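Okay, structure first, notes after.
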Amino acid sequence: MTKIKYQTVTGMHDVFGREQLLYDKVEETAQKIADFYAFQRINTPILEDQDLFIRSVGESTDIVEKEMFTLKTKGKDLLVLRPEGTAPVFRAYLENGMQSLPQPVKLWYYGPFFRYERPQAGRYRQFWQIGFEMLGDASPVLDAQTILIAYNLLSELGFKKTIVNINSIGCEECRKDYRKALLSFLRGKKESICSDCKRRAEKNVLRVLDCKNPKCQQILSEAPQVLDYLCPDCKNHFKQVLEFLEEIPVPYKLNPFLVRGLDYYCRTVFEIGFEDSPEEEAIGSILGGGRYDFLGKSLKTDIVPSVGFSMGVERVIALMKLKDIDSKPKKKEGIFIVQVGDLAKRKALKMIQDFRTAKINVFEAISKNSMKLQLTKANKLAINTVLIIGQQEALNNTVIIKDMITGNQSTVKQENIVKEVKKRIK
Ligand code: HAM
């Protein structure tokens with residue numbers, strides 16, 4: 001093999017073949033869920049203003065501090081390859097006047113996102129996310145429904161033993177006192193926490209709770225809990241969310257230290273994963289979301305109470321493989337046309353067009369001449385109905401139709417073949 005000069009850039013990967021079938025499966029499953037819950041699909045541009053993410057995701061978050069792919073246009077605008085989907089969907093909602101539609105507006109997306117992270121298991125610089133967002137409604141029942149939709153999506157994909165980790169981080173008001181309490185707790189621990197935590201404590205103290213360092217986690221297990229600082233409205237909202245979850249019921253676990261790494265969240269935050277799953281621990285969380293009622297405030301526009309989640313497609317696919325969940329390609333529906341000789345090729349080319357008009361899928365290897373090779377391919381695709389046009393059939397205007405399961409075959413006039421196939425594959 002010749003050594004190739006160019007390779008995919010660090011942290012990015014090609015998707016094709018069997019892998020692409022898994023991506024298709026994930027997308028189709030999300031589409032079905034979206035249809036059921038009446039979410040409209042939205043595609044926002046890959047490039048957005050840098051400022052959109054600085055203001056919404058937050059200046060002191062990992063995404064904004066270290067992970068954005070930023071580029072300067074010839075007109076000197078600073079644009080970024082979108083690192084996440086919530087802020088772009090929120091921008092699109094406002095920009096396209098969706099506030100005048102009946103609320104909540106329910107939107108979903110599937111597409112590539114970009115974060116300049118250190119590549120490791122489950123961490124890519126280009127990755128795919130599926131996201132669901134409900135904009136324009138503050139009701140706690142929507143928090144519960146968002147969680148249920150996420151739970152159903154994972155369950156439809158074959159993950160049966162998932163658990164929702166949930167917390168409330170309150171609103172700006174409740175967090176003022178909580179920040180003070182957390183800072184005062186950390187004051188006595190300055191020598192023991194890692195350098196990242198020291199920095200976070202100064203810039204945005206809630207981020208400290210995100211630290212994955214085992215020593216810091218041990219110290220933080222004794223930290224004050226945000227739930228004890230919720231104002232009456234936030235407390236009541238969270239109580240209702242949990243009551244709705246009990247009603248469904250979706251298994252959940254209260255995690256008083258879950259804050260998530262993006263600044264736009266308020267009140268409910270959640271992640272869905274597995275209990276005691278070393279695979280997931282290695283790969284990272286597969287799905288997370290929450291409420292972001294004040295994202296509009298940080299963008300200095302209208303306040304639009306909203307809630308949503310997104311799921312990392314690479315991580316889900318990695319877990320589907322590890323947990324051996326239905327990663328086999330789907331059986332192909334349709335027929336296979338085998339042809340031998342130039343005249344047969346011409347007839348086959350025309351026949352494929354007739355099947356296309358009749359909306360019947362055709363598989364073939366039309367550039368090949370060997371009958372054996374073509375039959376092997378039909379076998380591999382597990383196709384039951386094979387049409388064979390040999391030299392004799394090409395001259396007689398006939399075609400052999402073979403049932404690959406029983407081995408039975410018969411000869412049919414070419415002009416009747418579409419009708420005959422329709423009868424059989426029904
Ligand atoms: P996030 O937690 O940053 O949330 O990302 C959501 C999911 O994207 C993660 O759980 C993970 O599966 C996947 N993910 C993140 N970074 C990477 C990476 N570098 N490589 C592979 N997969 C990755 C958000 O993005 C929010 N917008 C979620 C949301 C929607 N909140 C409300 N609505």
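The values are calculated or read from the model by the stated rules, or taken from the named source; none is laboratory data. As the structure is a prediction and not an experimental result, all values here were calculated from the model. Cβ atoms come from the backbone with ideal geometry, glycine included; neighbour counts cover every protein chain shown. Calculation scope for accessible area: heavy atoms of the full protein, side chains included, ligands and nucleic acids excluded. Shrake-Rupley method; radii C 1.70, N 1.55, O 1.52, S 1.80 Å.
Before we move on, is Arg175 among the charged types (D, E, K, R), crowded, with 20+ Cβ neighbours inside 10 Å, more than 19 Å from the chain's Cα centre (by Cα) and within 26 Å of Asp293 (Cβ to Cβ)? Yes; evaluated as a whole, the condition is true for this residue. Take Gly158 and decide whether it is assigned to a loop (DSSP other than H, G, I, E, B) and closer than 18 Å to Leu230 by Cα. Criteria not met by Gly158. Pairs meeting the criteria (first residue in the stretch 107-130 and farther than 11 Å from Met12 by Cα and of a type in the set (Val, Ile, Thr), second residue near the ligand (Cβ under 8 Å from one of its atoms) and open to solvent by less than 40 Å² (accessible area, probe 1.4 Å), beta carbons under 7 Å, at least 6 apart or on different chains) are Ile130/Ser310; Ile130/Met311; Ile130/Val313. Evaluated against (1) more than 13 Å from the ligand (Cβ to nearest atom); (2) under 25 Å from Asp276 (Cβ atoms); (3) in contact with a Gly (Cβ under 8 Å, 6 or more places away or on another chain); (4) open to solvent by less than 20 Å² (accessible area, probe 1.4 Å), Ala150 falls short on exactly one condition, (1). Given the criteria crowded, with 18+ Cβ neighbours inside 10 Å and over 39 Å from the mean Cα position of the chain (by Cα), does Ile383 qualify? Here the answer is no, as Ile383 does not meet what is asked. The strands (runs of 3 or more DSSP E) located wholly in the stretch 250-351 that include 3 or more residues which are surrounded by 17 or more Cβ atoms within 10 Å (Cβ to Cβ) and over 24 Å from the mean Cα position of the chain (by Cα) occupy 335-339. Per the conditions (1) out of contact with any Cys (no Cβ under 7 Å at 6 or more places or on another chain); (2) not acidic (Asp, Glu); (3) not in a strand (DSSP E or B), the sole criterion not satisfied by Ile193 is (1). Within the stretch 44-141, which strands (runs of 3 or more DSSP E) (wholly inside it) include 3 or more residues that are within 16 Å of the ligand (Cβ to nearest atom)? Because the criterion is at least 3 residues that are within 16 Å of the ligand (Cβ to nearest atom), the strands (runs of 3 or more DSSP E) in the stretch 44-141 that meet it are 105-114, 126-135.
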